[in-house]
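Right, one structure below, let's go through it.
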Amino acid sequence: MNENKNNPITRKKFLRMCGSIVAGATVVSVSGVMAKKAFSGQASYFWQIDPSKCTFCGRCETDCVLPVSAVKCIHANRVCGYCDLCGGYYRANVKDLNTAAENLRCPTGAIVRKYVEDPYFEYAIEEDLCTGCAKCAKGCNSFGNGSLYMQVKQELCKGCNECKIAKVCPSGAIQRVPMEKAYMLKDA
Ligand code: SF4
Ligand code: SF4
Ligand code: SF4
């Protein structure tokens, strides 16, 4: 795990970077993909998750038609508390706050933790490793402030006529929305 105390960045600098660059880049890249799909006539609607309805059931990982789900965890940096004891990063009731695999919620090592300054840590998602299991988002919403959440990544989604996950989602969180509707990001 990436936990570098020898090369810290200040919390202030980090918050500024996350707020303006990371969130902005996410919105821009998603908008670009949607615009490309719309322009090519591929789609005028797209599937997305309403983060306020998702109950982290795990079906996003198992029911997408793709071998690895198009649903990924997203981290809302501006919402995060940068906690040392992160409910999305650590399993409940861990004895030691170290990065041993048995202490961590993510089964694929997709959450990267980096030291900011005492007692703050930055958390980021390695999207290529994320399988969309929602275990981290469940932990963050149970013990933290819900800055980790799930969303359909448009650059990966096939835009199925009937989203297989939407059919089984127990909370009706996945909706087909018009292309012009804003992407549902917690820190947008
Ligand atoms: S199927 Fe629905 S409730 Fe379950 S993780 Fe996906 S969006 Fe959330
Ligand atoms: S716990 Fe699951 S949803 Fe969260 S980052 Fe890891 S693989 Fe993705
Ligand atoms: S529309 Fe298809 S590819 Fe996209 S999330 Fe749903 S099942 Fe997966």
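The values are calculated or read from the model by the stated rules, or taken from the named source; none is laboratory data. Everything numeric here is computed off the predicted structure, so don't read it as measured data. Neighbour counts are summed over all protein chains in view; Cβ atoms, including those assigned to glycine, are modelled from backbone coordinates with ideal geometry. Side chains included, ligands, DNA and RNA excluded: accessible areas come from the protein's heavy atoms. Shrake-Rupley method; radii C 1.70, N 1.55, O 1.52, S 1.80 Å.
Taking the simple approach of a point 7 Å from Cα along Cα-to-Cβ for both Lys53 and Ala124, what is their distance in nm?
According to this spin-label approximation, the distance is 3.3 nm.
For the pair Ser44 and Lys181, how long in nm is the line joining their label points, each one 7 Å along Cα→Cβ?
About 1.5 nm, to one decimal.
Excluding ligands and nucleic acids, what accessible area in Å² is computed for Thr62 using a 1.4 Å probe, to the nearest 10?
90
Can you send over the solvent-accessible area of Arg176, 1.4 Å probe, protein chains only, in Å² to the nearest 10?
Accessible surface of Arg176 is approximately 100 Å².
Measure out, as a whole number of angstrom, how far apart the alpha-carbon centroids of segment 136-162 and segment 43-85 sit.
1
Quick check on my link table: of Lys135/Lys167; Lys114/Lys158; Lys95/Lys153, which ones sit more than 27 Å apart, alpha carbon to alpha carbon?
As for pairs spanning more than 27 Å Cα to Cα, those are Lys114/Lys158; Lys95/Lys153.
Using a probe of 1.4 angstrom, how much of the accessible area of segment 48-181 is carbon and sulfur, in percent?
49
For Ser52, Ser147, Ser171, give me the order by solvent-accessible area with a 1.4 Å probe, most accessible first, ignoring ligands, DNA and RNA.
Ser52, Ser171, Ser147
Please list Lys153, Lys167 in order of solvent-accessible area, largest first, computed with a 1.4 Å probe with all protein chains present.
Lys167, Lys153
Might you work out the accessible area of Glu127 for me, using a 1.4 Å probe with all protein chains in place, and round it to the nearest 10 Å²?
So the heavy atoms of Glu127 present about 60 Å² to solvent.
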